[in-house]
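Take a look at the structure below.
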Amino acid sequence: MAEVVNALSPPELRAEGGSGIYQRMQKKRVKILLATLLAVGAFVLFDIATGSSWIGIDQVAEALIEGPSGESLSTTIVWQLRLPVTLTCLVVGGSLGLAGGLMQTLLANPLASPYTLGVSAAAGFGAALALLSGYSLFGLSWLAVPLAAFVSSGLASMAIYMIGCTRNMDTKVLILAGIVVLFFFQALQSLVQYLASPEVLQQIVFWLFGNLLKASWLSFFVSGVILLAGLVITLPKVWALTALSSGEERAQALGINTRRLRLQMFLLCSLLTAGAVSFVGTIGFIGLVAPHLARMLVGEDQRFYLPLATFMGGLLLCASSLVAKLIVPGTIIPIGIVTSLVGVPFLLYLLVGKRLS
Amino acid sequence: MTSLSIENLSVTVGRKPVLKKVDATFHGGEFSAILGPNGAGKTTLLKAMMGILPYKGSVLSRGKDGQVLSLKSFSYLCQLNKFSSQLTAIEMVLLGLVHQLSWNITSEQEQKAETALKDLGLTHLAARQFSQLSGGQQQLVLLAQALVSEPEVLLLDEPTSALDLKHQVQVLDLARKHTRTNNTITIAVLHDLSLAARYCEYLLLLDDGVVQHSGKPDDVLDSEKLSRIYQVHVDVGCCSHGHTHVTPVRPLDTE
């Protein structure tokens with residue numbers, strides 16, 4: 001895994017050693033988590049305030065306090081238009097950050113993310129297929145796209161996992177399997193687009209761009225519940241995951257059933273990815289960048305790393321949303337384009353930068 | 001008394017039988033070593049005991065009161081291999097308590113980790129990233145991890161392979177002290193037969209997945225037996241301090 005400077009091991013701490021050092025490290029990590037949460041709060045406020053018309057932060061705060069039943073224009077804009085989009089942005093970014101963080105731990109590879117391993121592409125294919133077929137579940141058309149995205153991304157995760165099983169979970173094989181899955185589902189996506197009528201094609205392309213315009217209270221609740229479930233399932237396993245981050249063999253030596261843990265977490269990653277992308281489309285690089293930033297700040301203790309990757313994902317997507325609104329005034333550029341434009345230089349930096357020693 | 005009994009244990013990896021009907025019994029308070037040439041099945045035997053590899057036969061360990069011990073009572077120090085982890089040394093040691101840890105690390109758990117590091121003279125490395133340590137330091141940190149949970153069964157795979165002479169003696173002294181103080185069953189895979197003779201009460205000599213000889217060091221470390229198994233002429237003697245030493249002279253096939 002890439003050598004990234006751990007902000008918690010400065011020379012003064014190294015020289016010090018000894019009693020209470022762990023408590024001090026923990027305190028510093030808690031402060032970093034709280035500071036990130038504050039930054040998330042600030043970006044949420046700015047994102048709500050920004051749009052085709054600027055609403056002052058004080059008015060945003062008033063509207064939020066007033067509640068959805070308020071009668072002022074700003075209250076209507078905040079509660080009916082902007083808040084669901086911003087909150088969806090937050091939970092989608094959080095889900096991608098958490099899924100990316102888990103994948104990088106499971107595969108011991110800094111380039112692992114739902115996007116680079118094809119899980120997002122698989123979710124995209126499932127969603128495109130649902131849009132093409134017009135299938136609705138129990139009469140609920142909104143459920144078909146996320147469910148198809150989940151089934152498809154679950155199949156992709158299982159394929160990566162099964163290929164890994166044949167080679168004793170060699171992490172290099174798992175990464176290659178992810179690349180195979182990525183190309184396979186991209187080809188299927190293209191096939192669905194080829195078969196689609198112009199109207200459906202427009203929907204699919206719009207979806208594949210990664211766009212927050214269709215975000216709603218429903219998308220926030222569905223993606224939010226999945227993220228919450230993801231955190232509830234993951235957090236009791238943080239120590240087993242921390243053991244896994246110290247190496248497969250060492251985790252086994254510590255009595256961790258690494259095969260079962262990987263299977264559970266792979267399935268969870270596909271659920272998180274599907275929950276994240278099924279309403280707003282494929283958004284790249286958040287799942288790659290957020291875990292990196294988290295690891296640089298708090299190291300690999302998964303109690304701090306996974307929540308921080310989640311917060312960072314939310315923060316980065318909120319920041320991208322702001323950029324998408326501000327880059328061309330009066331126009332909202334699809335957020336997937338913004339995240340990729342920011343993510344590409346970061347990936348290059350990872351590949352050629354001095355931190356990858 | 002704590003004991004660990006292995007009966008009829010066989011392990012097949014792929015289609016190759018690596019261990020063939022191994023029988024052995026280890027006792028609490030006894031420092032034992034598994035010896036044998038490369039590929040004899042030593043690591044496989046430890047992994048089977050840890051439940052990491054599937055096996056046929058039985059591995060049964062009982063505590064002082066006769067109760068069956070779970071794998072949570074075991075600690076296993078695996079062979080040193082390169083893995084870049086950003087965990088710090090103290091975090092690596094704390095992972096030895098992985099089955100006891102909850103969200104918050106208690107001061108008692110932190111104290112245990114610090115003591116384990118201190119016992120091996122590693123206090124100054126507590127906040128260093130594990131991957132930035134030298135091979136020998138990593139091996140010592142992993143030994144601290146294995147000892148921190150005060151296991152009833154301690155399995156050590158080549159615990160001295162990356163260590164200098166001073167640290168070899170320090171590590172084996174500590175393992176022996178731990179074995180005697182806590183009545184632990186300690187089983188180490190060792191390649192240095194002189195160290196095995198000096199520190200261990202019971203030796204198991206494996207070759208080609210089969211137990212060739214077992215018993216006290218004086219019975220197992222016989223030049224004829226060792227020559228046949230290691231395919232090398234061996235001198236077995238006694239040093240001025242009264243310790244048995246084993247010196248390889250030349251390979252048999254050079255004659």
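What follows draws every value from the coordinates through simple rules; no lab data is involved. Only a predicted model underlies this, so the values are computations on that prediction, with no experimental measurement involved. Cβ atoms come from the backbone with ideal geometry, glycine included; neighbour counts cover every protein chain shown.
Farthest towards the positive end of the charge dipole of chain A, among the residues A:ALA144, A:THR116, A:ALA130, is the Cα of A:THR116, using unit charges on the Cβ of Lys, Arg, Asp and Glu.
Fully extending the segment from A:SER197 to A:SER216 would add 4.3 nm, taking 0.36 nm per residue of separation and subtracting the current Cα-Cα distance.
Multiplying the residue separation of A:PHE206 and A:MET162 by 0.36 nm and subtracting their alpha-carbon distance yields 12.6 nm. A Förster radius of 51 Å, combined with the Cβ-Cβ distance separating B:ASP219 from B:THR106, puts the computed FRET efficiency at roughly 0.65.
Put a dot 7 Å past each Cα toward the Cβ at B:ARG180 and B:ARG228; how far apart are the dots in nm? Reported label-point gap for B:ARG228 and B:ARG180 is 3.4 nm. Per residue of peptide B:91-97, the mean number of Cβ atoms on other chains within 10 Å of the residue Cβ is 5.
Compute the acute angle (0 to 90°) between the alpha-carbon long axis of helix B:135-148 and the principal axis of greatest extent of the alpha-carbon atoms of chain B; round to the nearest 10°. For helix B:135-148, the angle is close to 70 degrees.
With both labels modelled 7 Å from their Cα along Cα-to-Cβ, the A:GLU66 to A:ALA187 distance reads 5.6 nm. Per-residue mean of foreign Cβ neighbours for B:111-119 is 2 (Cβ atoms of other chains, 10 Å radius). Counted as membrane-span-like here are DSSP H helices of chain A whose alpha-carbon atoms extend 15 Å or more along the helix's own axis and whose Kyte-Doolittle mean is 0.0 or above; these are A:21-49, A:83-107, A:119-133, A:141-166, A:171-195, A:198-209, A:217-234, A:258-280, A:286-298, A:302-326, A:335-352.
Computed over the alpha-carbon pairs of region A:148-219, the distance histogram in 10 Å steps reads 17, 36, 29, 16, 2 percent, short to long.
Taking packing as the residue-averaged number of other Cβ atoms within 10 angstrom, the listed peptides A:115-127, A:311-323 run from highest to lowest as A:115-127, A:311-323.
Would chain A count as rounded, prolate or oblate if I go by the C-alpha gyration tensor, calling it rounded below 1.5 in a/c and otherwise prolate when a/b exceeds b/c, oblate otherwise? Because a/c hits 1.5 or more and a/b fails to exceed b/c, chain A counts as oblate. Proximity of backbone amide H atoms, modeled 1.01 Å from N, is registered between B:ALA126 and A:GLY18 at under 5 Å, excluding neighbours fewer than 5 places apart on the same chain. Only helices enter this figure: runs of n ≥ 4 DSSP H residues, each worth -39500 (n - 2.57), summed and divided by the residues of the protein assembly as shown, yield -18000 deg cm²/dmol at 222 nm to the nearest 500. When every Cα-Cα distance of the protein assembly as shown is counted in 10 angstrom steps from zero, the calculated P(r) takes the values 3, 15, 22, 21, 16, 11, 7, 4, 1, 0, 0 percent.
With a 10 Å cut-off around each Cβ of B:73-80, the average count of Cβ atoms from other chains is 3. With a cut-off of 16 Å, note down the residues of region B:221-246 whose backbone N falls inside the zone around a label point 7 Å from the Cα of B:ASN38 toward its beta carbon. Counting backbone N atoms under 16 Å from the label point, the list is B:230-232. According to the square roots a ≥ b ≥ c of the eigenvalues of the Cα gyration tensor, what is the shape class of region B:82-150, taking rounded for a/c under 1.5, prolate for a/b larger than b/c otherwise, and oblate for the remainder? Because a/c hits 1.5 or more and a/b exceeds b/c, region B:82-150 counts as prolate. Of all the options A:LEU34, A:LEU45, A:LEU308, the one that moves most in a Gaussian network model of chain A with Cα springs shorter than 10 angstrom is A:LEU34. Computing FRET efficiency as 1/(1 + (r/R0)^6) for A:TRP54 and B:THR115, where r is the C-beta to C-beta distance and R0 is 56 Å, gives about 0.40. Each residue, B:CYS238 and A:ALA39, gets one label point 7 Å from its Cα in the Cβ direction; the gap between the two is 7.0 nm. Here the Gaussian network model covers chain B, with springs between Cα atoms less than 10 Å apart; of B:LEU203, B:LEU190, B:LEU133, B:LEU133 fluctuates the most. Each Lys and Arg contributes +1 and each Asp and Glu -1, all at the Cβ; summed about the Cα centre of the protein assembly as shown, the dipole is approximately 480 debye. Magnitude of the charge dipole for region B:82-150, about its Cα centre and with charges confined to Cβ atoms of Lys, Arg (+1) and Asp, Glu (-1), is about 260 debye. If a/c stays under 1.5 just call it rounded; otherwise compare a/b with b/c (prolate if a/b is bigger, oblate if not). Do that for region A:58-133, with a ≥ b ≥ c from the square roots of the Cα gyration tensor eigenvalues. Judged from the Cα gyration tensor, region A:58-133 comes out oblate (a/c at least 1.5, b/c at or above a/b). Calculated FRET efficiency, A:VAL225 to A:VAL30, Cβ-Cβ distance, R0 = 22 Å: about 0.25 to the nearest 0.05.
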